[in-house]
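The values are calculated or read from the model by the stated rules, or taken from the named source; none is laboratory data. Treat the numbers as computed from the prediction; the structure is a model and nothing was measured. Heads up, the Cβs are rebuilt from the backbone with ideal geometry, glycines too, and the neighbour counts pull from every protein chain shown.
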Amino acid sequence: MASTNCIRVSFEQPSHGWLPVKFSSNDFRLDIDASDVPINPVYLLYRAILDVVDGIEARVWWHLEPTGYYFDFSQPQSRLYCLVIKYQPNGRAQEFLYETTGTATEIILPFCRAIKKLASYEHEEHDWPKLEEKQLASLDSIIKFLKNET
């Protein structure tokens, strides 16, 4: 059966604590500029990937100062991953925007690739905090594991 999921994630060149984030999946598109204050959302994404692969639900907060987007990851059953995206306007309740379910290749690996590409960019620490080498090595291990899983 052919897959209908086509997730694309990219992080563009960061500048002064802001990271352009592009997400698309089928007919849904999201282009935002995320802030690294109060915490680096790419680090949260890295942790979320580790957690969801272990079957632990995880949330990534892409903060836009003061609004934000939430990416909620879960693994409702073995080898099946779910992503729910919500928006939270300043001081109001979260609004559901999008949900998709698929394999690790469809849901998780596009985020892994985006992190790896961001790590290859030349930029100063004040532009965007970098993941540590050991974290990138852990991500490489997860990528290999997920490729073997599917």
What's the number of the only condition in (1) closer than 25 Å to Asn148 by Cβ; (2) touching a Phe, Trp or Tyr at 6+ places or on another chain (Cβ under 7 Å) that Tyr70 fails to meet? (1)
In the list Ser138, Ser74, which residue meets the criterion of being assigned to a strand (DSSP E or B) and among the polar types (S, T, N, Q)? Ser74
Residues that are under 16 Å from Arg8 (Cβ atoms), at pLDDT 95 or above and basic (Lys, Arg): does segment 81-91 have at least one? no
Where a residue in segment 99-117 is in contact (Cβ under 8 Å) with a residue 12 or more places away in the chain and over 16 Å from Glu57 (Cα atoms) and its partner, wherever it lies, is part of a helix (DSSP H, G or I) and of a type in the set (Lys, Arg), with Cβ under 6 Å and at least six apart: none
I'd like the full set of residues that are under 15 Å from the mean Cα position of the chain (by Cα) and in a loop (DSSP other than H, G, I, E, B), limited to segment 104-129. Ile108
Every listed condition ((1) part of a strand (DSSP E or B); (2) out of contact with any helix residue (DSSP H, G or I) (no Cβ under 8 Å at 6 or more places or on another chain); (3) hydrophobic (A, V, I, L, M, F, W, C)) holds for Ala93 save (1)
I want to confirm something. Restricting to segment 79-104 and keeping residues that are of a type in the set (Lys, Arg) and over 15 Å from Phe145 (Cβ atoms), which single residue is surrounded by the fewest Cβ atoms within 10 Å (Cβ to Cβ)? Arg92
Within segment 59-80, the count of residues that are of a type in the set (Gly, Ala, Ser) and at pLDDT 95 or above comes to 2
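So, in segment 7-59, of the ones that are part of a loop (DSSP other than H, G, I, E, B) and in contact (Cβ under 8 Å) with a residue 40 or more places away in the chain, which residue ends up nearest to the chain's Cα centre (by Cα)?
Let us first name the residues in segment 7-59 that are part of a loop (DSSP other than H, G, I, E, B), namely 12-14, 16-17, 26-27, 36-40, 54-57.
If we keep only those that are in contact (Cβ under 8 Å) with a residue 40 or more places away in the chain as well, we get 13-14, 16-17, 26, 36, 40.
Working: Gln13: 16, Pro14: 16, His16: 20, Gly17: 17, Asn26: 17, Asp36: 14, Asn40: 12 Å.
Ranking the candidates gives Asn40 first.
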Quick one: which residue in Ile49, Ile7, Ile107, Ile56 is closer than 27 Å to Lys147 by Cβ, surrounded by fewer than 18 Cβ atoms within 10 Å (Cβ to Cβ) and either at pLDDT below 95 or among the β-branched types (Val, Ile, Thr) (or both)? Ile56
